[in-house]
1. Enumerate the strands (runs of 3 or more DSSP E) found wholly within region D:85-151, keeping only those where 1 or more residues are open to solvent by 10 Å² or more (accessible area, probe 1.4 Å).
2. For B:Ser216, which of the numbered conditions (1) more than 7 Å from chain A (Cβ to nearest Cβ); (2) outside any helix (DSSP H, G or I); (3) not aliphatic (A, V, I, L, M) fails to hold?
3. Quick one: in region D:155-204, of everything that is among the basic types (Lys, Arg) and free of Cβ contacts under 8 Å to residues at least 60 places away in the same chain, which residue is nearest to D:Glu236 (Cα to Cα)?
4. Restricting to region B:221-261, give me the number of residues that are farther than 19 Å from C:Gly261 by Cβ, hydrophobic (A, V, I, L, M, F, W, C) and without any contact (Cβ under 8 Å) to a residue 24 or more places away in the chain.
5. Has region A:152-166 got at least one residue that is in contact with a helix residue (DSSP H, G or I) (Cβ under 8 Å, 6 or more places away or on another chain), of a type in the set (Lys, Arg), within 23 Å of D:Phe295 (Cα to Cα) and open to solvent by 10 Å² or more (accessible area, probe 1.4 Å)?
6. Identify the single condition in (1) without any contact (Cβ under 8 Å) to a residue 40 or more places away in the chain; (2) within 7 Å of another protein chain (Cβ to nearest Cβ); (3) small (Gly, Ala, Ser) that B:Ala144 does not satisfy, given that it satisfies every other one.
7. Which of the residues that make up region C:251-273 are under 17 Å from the mean Cα position of the chain (by Cα) and either within 21 Å of D:Ile181 (Cα to Cα) or not basic (Lys, Arg) (or both)?
8. Considering region D:192-247 alone, what residues qualify as being touching a Pro at 6+ places or on another chain (Cβ under 7 Å) and more than 16 Å from C:Cys134 (Cβ to Cβ)?
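The values are calculated or read from the model by the stated rules, or taken from the named source; none is laboratory data. These numbers were taken from a predicted model, which means no experiment stands behind them. Positions of Cβ are backbone-derived with ideal geometry, glycine not excepted, and every protein chain shown enters the neighbour counts. Protein only, heavy atoms only, side chains kept; ligands, DNA and RNA dropped before computing areas. Shrake-Rupley method; radii C 1.70, N 1.55, O 1.52, S 1.80 Å.
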There are 4 protein chains.
Amino acid sequence: MNIAMIGLGKMGGNMARRLSRGGATVFGFDVSADTRSQLAQEEANFKAFASVPELIAALPTPRVVWLMLPSGAISEAAFDEMKTLLAPGDLIIDGANAMYKDSQRHGAELAAMNIKFVDAGVSGGVWGLQNGYCLMFGGEKDAAAIAEPFMKILAPGADRGWTHTGPAGSGHYTKMLHNGIEYGMMQAFAEGFAMLKAKEEFDLDVAAISETWRHSSVVRSWLLDLIADTLQQDTELADLNAFVPDSGEGRWSVLESVELGIPAPVMSSALYARFASRGNDDYAMKLLSMMRNAFGGHAVSKK
Amino acid sequence: MNIAMIGLGKMGGNMARRLSRGGATVFGFDVSADTRSQLAQEEANFKAFASVPELIAALPTPRVVWLMLPSGAISEAAFDEMKTLLAPGDLIIDGANAMYKDSQRHGAELAAMNIKFVDAGVSGGVWGLQNGYCLMFGGEKDAAAIAEPFMKILAPGADRGWTHTGPAGSGHYTKMLHNGIEYGMMQAFAEGFAMLKAKEEFDLDVAAISETWRHSSVVRSWLLDLIADTLQQDTELADLNAFVPDSGEGRWSVLESVELGIPAPVMSSALYARFASRGNDDYAMKLLSMMRNAFGGHAVSKK
Amino acid sequence: MNIAMIGLGKMGGNMARRLSRGGATVFGFDVSADTRSQLAQEEANFKAFASVPELIAALPTPRVVWLMLPSGAISEAAFDEMKTLLAPGDLIIDGANAMYKDSQRHGAELAAMNIKFVDAGVSGGVWGLQNGYCLMFGGEKDAAAIAEPFMKILAPGADRGWTHTGPAGSGHYTKMLHNGIEYGMMQAFAEGFAMLKAKEEFDLDVAAISETWRHSSVVRSWLLDLIADTLQQDTELADLNAFVPDSGEGRWSVLESVELGIPAPVMSSALYARFASRGNDDYAMKLLSMMRNAFGGHAVSKK
Amino acid sequence: MNIAMIGLGKMGGNMARRLSRGGATVFGFDVSADTRSQLAQEEANFKAFASVPELIAALPTPRVVWLMLPSGAISEAAFDEMKTLLAPGDLIIDGANAMYKDSQRHGAELAAMNIKFVDAGVSGGVWGLQNGYCLMFGGEKDAAAIAEPFMKILAPGADRGWTHTGPAGSGHYTKMLHNGIEYGMMQAFAEGFAMLKAKEEFDLDVAAISETWRHSSVVRSWLLDLIADTLQQDTELADLNAFVPDSGEGRWSVLESVELGIPAPVMSSALYARFASRGNDDYAMKLLSMMRNAFGGHAVSKK
């Protein structure tokens, strides 16, 4: 049971660990030599390679290659390289947070070369090594069948936490909406705790409340577990900036809602709140300020 | 260990059961004689009374009276009656989904009569009997201390799932935002599953996906557990109306966000989606339709 | 034709001017002696008074007193004073941006004293002196009839720009929603111009675009006229802070939407954007940042 | 001064009229023979053609061809046909509501053939013939210079209501956001009037209010003029369905906001309200209904 893992970052590294501990032999590559050798030292079933061509040459056929790279340019370059290295019958599993339309395209391009393709959405973050990863993957049935034994090792249990969702692209489509939901849930909690914290007359202990809610409440959830952990250590968050990045899947969920014509006010609100946290609403707000001045003579706040 | 439970509906009835099974003697009243006698038959530690005055007369002092009634007129009438029946040193616990400002008022009015008061937010729904209830309660320290042993029985564990949040009103304030968060989470899931279902080209199995997400995903939560149960039985929901009621706490959360000046776009979006599901957006949409016709000559859909 | 104007600020001062130029004798009071004497110098039909009691004593009966004061404490104090100074048959017109429920209360309290009451929503801002004021006023028919000749002077034309909306409170209710709509329109323009400005590849001239849109486009409007004026002078707004206050009526519109159960996503979005511009979303965003770190190991931006 | 107008529908027909009345000779084609002959009868300077190739053959060179067709497949087919019929130095003006990226592509494709290109956003709807059209157009300077005399005829005035926005694509980009703003303004009015209408205790005359607001209020605008006209005839709108279509530009505005990372909560809310009016929120609402039943035992509304 052999598998290549290309990309050994926060996600790929731990997935390689879980796979090798679960009985697979993992052929690993990362641009960082330190990362590679670290894993080789840790894991008996892990073999490090200094280049992708060397790795592919060593990997028994039919090959199974898991790409765990940032979506976009790096990922596209890896697909291009794979097309030159792999042979008909080999399988690429893309575990990146890729746009599902890109995965549909990858699937079609590889199918034309008789290379199999699986697009795998992976959830679980830095906790996946310990708890297992939640996996939703698309691809042709024969491709999915080859991927399945590896999914069973990565998942929280051999018979749960993974599903073959349908054709190529459907795995990343499902993951996209998983993250869209995640954005909405996070924003719901953020709003609620902000309002608990802002109610000065009650001087509420948000750490105690979050801990209490973990037990038998309707909002109990893993995100709440993490919030409780955070607030246990610091309820003020005074040394943080109110600055929240976003990655592709929140955005793609909103784009998809527009394409489908399905209302997604919570997902879009959650996304826009992050945009605004980064100052992207500044011009709009300045213009509002000028409008108020122009019609009502209201004072304008100047730098 | 004696407690009165006034109101034995879906919530109060099961709370009476859990209290009596946990060692308390429960003095119960409900407007329905059937409901009262049913509980008296079921539970050894439950005593049914045909009227509130009889119940209060029988209850050993200092009394502990839990009101579990719909907020608003019925609840207000019960408070008024209690003021005529209770004595200084007695304690009222209000477990209704009451507006926190009403609870602050109740607390002040009762304090003037030397009657103690606790406002208890109760989460857990119909599952509380089995899993325990999540409890967040406000009130003076001496009142909270009297309430605490009962809370420990109702909660999922003697040392977890309950918290004394602060002064009177703070319990219901906390519960209000618990439900505000719940509205947002529910809407996030609803949007995500609607978009999964609408993607015809993938013909996704939303039951399988919801079950998969329950394991190690970032969105795992009790609400997702319930969704998975629902979809296991029916993924189409074809015989349902797209009609969603709302109760007070979602509304109060939005009102509070405006009072505090804290953005709550997810909570308000979730609330407004429910309003629209009940046809409350119809006039606005008809007017839009007329505007499009007026400037662009676009056809109007007529009945 | 005599009328008192209490409060001679940005709004009240210009309204006094327009009334006196239109043929009314205006009995004016303001806490600022300078403001009073300035108006007395400017306007032949304007009489300044050093105190409200002196003014009321001089005003011929039945009196017409227009209050043009900030809503809230100052306004309430003025109502209280008026109750001690006025006589049955007199009329108070409240032109403040008052909450309509407060106006309903004022109307009922004054009716009990046989003092008439009109609540007048006034739009037009600092341009009202020149263009006339748009007026929507509530009150009993006999009160409205007394107010009408003054409304005809203030309005942009004797037969347009004013309407008697119905009972006391309905004037301010109508003005509240006028401003709610205004919030939504302003935010729509702000979003659109922000996106025009952000499109670097086109390097668009937003001043020219705003001027062009003023002629025959669907979005032509007075707010657009003001935007065009602003952008003609400065398209970058670089010396402004992205900080936008809000006053009561935007908030009340959202509260009312919740009470009525009518979706108002645009009004609430516009209001929340202003809240966020003032840093009120910071705690929520910090908590999001911590959640991303907790589940995904994503870096947190620290101060 | 010769120009071809391809597409003589609600927009193109009236534009042909305004051009021919303004001194241009218009060479017109439409798939409907009736439409063509109708215009030929009406306008002295209008020449009807039975096919596009005949029209192009008759049009003096260098040709100016205005396409006024639905964006998408029909429009793309017309571009393809034009590439076979036109010669270097000719000019295509696309007045459709096209996606700006498509216009950038068209511009590049035509430039490779030395055919000039202008993308023109046209606002004004069915009122354009009478009031003039608001025009925002992109393209190379030499192309814009050829288009300009025609723009001056179409615009509300030779020196206003039109602007050359920049390179190809920038005209449609500007028009896209014009419409995004329009969506937000329309929704703002729709919310406000819905709340006026829903306030039964005041029994407000929304027709009178809309007419009043047209004069000196902050919300005065052309959209309000149209609303006032509509409500003058019917305030109940009882025979309409609450069903609102949307066309591309509202959607594209939201997509662009996500690409740019600029919050557009008002534009997205306006778009989603239309989606929901067409029943597209039904599955989400049904799932909410089931969730409420699952955790709280709340009744579900069934068909």
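1. D:116-123
2. Checking B:Ser216 against (1) more than 7 Å from chain A (Cβ to nearest Cβ); (2) outside any helix (DSSP H, G or I); (3) not aliphatic (A, V, I, L, M), the one that fails is (1).
3. The initial filter retains those residues of region D:155-204 that are among the basic types (Lys, Arg), namely D:160, D:175, D:197, D:199.
Narrowing the set further to residues that are free of Cβ contacts under 8 Å to residues at least 60 places away in the same chain leaves D:160, D:197, D:199.
Numbers: D:Arg160: 38, D:Lys197: 9, D:Lys199: 14 Å.
Ranking the candidates gives D:Lys197 first.
4. 7
5. no
6. All conditions pass for B:Ala144, except number (2).
7. Of the residues in region C:251-273, the ones under 17 Å from the mean Cα position of the chain (by Cα) are C:251-254, C:267, C:270-271.
Correct list: C:Trp252, C:Ser253, C:Val254, C:Met267, C:Ala270, C:Leu271.
8. D:Phe202
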